[in-house]
Amino acid sequence: MAFDEHTTSVPGGLAVPVAPSPAAFPPPSEMSPFARAQESLAVLVDAAVRAQRIEAMHRAMHIDVIAMTVAFALRHAGAFVSASLSPARRDEMARRSVVAELAAALRTPERTMQREIDEAWVLSNQLPATLSALRRGELTMQHARVIVGAGCDLADRPRVRAELDERLAALGADLTAAKLRVKARRLREELLAETTSERHRAARETRRVEFEPATDGMAWLHVLLPAADALSIFVRLDDTAHTAAGADVRGVSGRVGGAGRGDEDRNHEQLRADFAGDLLRFGLLPAGDRGAEAIASARATVHVTVPVFTLMGLDETPGHLDGYGPIDADTARRLTATAPSFTRLLTHPVTGAVLDVDRASYRPPADLRRWLRVRDGTCRFPGCNRPAGRSEIDHTRDYADGNPTAHDNLAHLCAGHHHLKHETAWSVVHRGGGILEWRSSSGRVYATHPAEPIPTTPRPADHRDHRDCRDHREPTVPGRVADASRRPNVEPDGDEYPPNAPF
């Protein structure tokens, strides 16, 4: 495979493609220590990205060969199975024979091999856009499996499946597999909105509990429930664990002594598991356990966004359950019917722009915090899925420098990524419409989008031509490294990235 960049050797004789070539950089003597370190990091990160692309291309080749092998075996079934079998039996045995053949040759369990063959068939025959993106190295196999899962039961809806294929293959190039799964769930519900309630009622009939053995004396207990019920249970366990650990809702793992456990400290995940196990086995928590008091006072709170016409019963547009995604209109109306409170999102009747959310104080008031939680959904760092309710609200541009406490200068960041923003060379700017644009230590640029896109208009004092801001540097494509020789030695304006090494 040819690259337009040069390669470098590493121990073991492996040739790693790197980019860009040394000629693109100024001589080391003309670069600051910060610039030299950042460019070196950029080269290594780019090599890692290219290695992942090559891995995805190899995976696509594997899929193509598997699909060709199975198709050949079925076309020539007479050469591999008894001629005395009926046609249906002959096809079945030819398939089982080739599964066994591939499993033995590839040292793979037959059940795993059958799953790979099924995925290869779906990708080759039903998801051409996804397979093409995998061949180009734009998606990983994890992304491809998300798209396969999104369309697995749409055999009778080929147009919906085709649209999912096209749109998710394009979205996957810029998202983690976990983020793509969330997008897939929402897009699927949008495309199938007219049948959402019917499908939910049918899916409720599949609720069950499953036991799965794990290693080292452990096991998983899976419970399939309606999303609102499952989320309510999880939130109550989570809040109880936080209360017992003495942590506030924004904290990271707390530790607390465990009564009757024989251990002196339990982290947040262990507390949650212990409480769930005790409640299911005994119906209550052991006397003396700090969680006993916490569970008695904990009240699960879930947040659901419902269009007003859905709430009034005038249409069936799905609602949005915070922490899960789209839910059918009937469930959304049932949840709001028992809701103790509502938050109104006031918008302009024509433009849809959000009104009355700017504030002059440092701490956002409750209504603005709720609005931001709906907008962001999760921590807004690239790839992070920590819920907004367990994250911190950060001023993108420092409040101490005279910047406002406003919807277009605030975003949720989990504790870890909040520290990363303030203590490393990572930086971020708002680009309008709730979009955040991040710049990494190596100069790569990533955009993160709001979970609930709500149109906004620029603040008058901040209204700028964003193209002018971006054109201070060589235009940067997301996921690519800008040419260091063209980076200006100028101070950015208030809506631009901070200078190198701001920490």
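The values are calculated or read from the model by the stated rules, or taken from the named source; none is laboratory data. Quick caveat: nothing in here was measured; it's all calculated off a predicted structure. Cβ: placed from backbone, ideal geometry, glycine included. Neighbour counts: every protein chain shown. When the accessible area is computed, the model is the full protein with side chains, heavy atoms only, and any ligands, DNA or RNA have been set aside. Shrake-Rupley method; radii C 1.70, N 1.55, O 1.52, S 1.80 Å.
When each of the peptides 67-75, 157-165, 182-190 is scored by the mean number of other C-beta atoms lying within 10 Å of its residues, the order from highest to lowest reads 182-190, 157-165, 67-75. Karplus-derived 3J(HN,Hα) values for the stretch 149-166, using 6.51 cos²θ - 1.76 cosθ + 1.60 with θ = phi - 60°, are x, 5, x, 5, 10, 10, 4, 8, 10, x, 5, 5, 4, 5, 5, 4, 4, 5 Hz; glycine and proline are entered as x. For the peptides 103-113, 142-152, 394-404, the ranking by packing is 142-152, 394-404, 103-113, with the highest mean count of neighbouring Cβ atoms within 10 Å listed first. Each other residue within a Cβ distance under 9 Å of A329 adds +1 if Lys or Arg and -1 if Asp or Glu, for a net charge of -3.
What length, rounded to one decimal in nm, is gained on full extension from T108 through to L280, with 0.36 nm per residue of separation minus their alpha-carbon distance? Spell out each step's value before the answer.
On the way: separation 172, 0.36 × 172 = 61.92 nm, distance 3.78 nm.
Roughly 58.1 nm would be gained on extension.
Rounded to whole Å, the principal axis extents of the Cα atoms in the stretch 104-198 read 47, 30, 21, largest first. Using heavy atoms of the protein chains and a probe of 1.4 Å, the accessible area assigned to I117 is about 10 Å². Using a simple spin-label model with pseudo-atoms 7 Å out from Cα toward Cβ, M312 and I435 lie 3.3 nm apart. Distances between placed amide hydrogens fall under 5 Å for L410 paired with T396, all partners being 5 or more residues away or on another chain.
Largest first, how would L335, L410 line up by accessible area (1.4 Å probe)? Walk me through the intermediate numbers first.
On the way: L335 30, L410 0 Å².
Sorted descending by solvent-accessible area, the residues read L335, L410.
Note that the stretch 48-93 shows a convex hull volume over its alpha carbon atoms of 62 Å³ per residue. Maximal additional length on extending the R159-D64 stretch stands at 31.8 nm, based on 0.36 nm per residue less the C-alpha distance.
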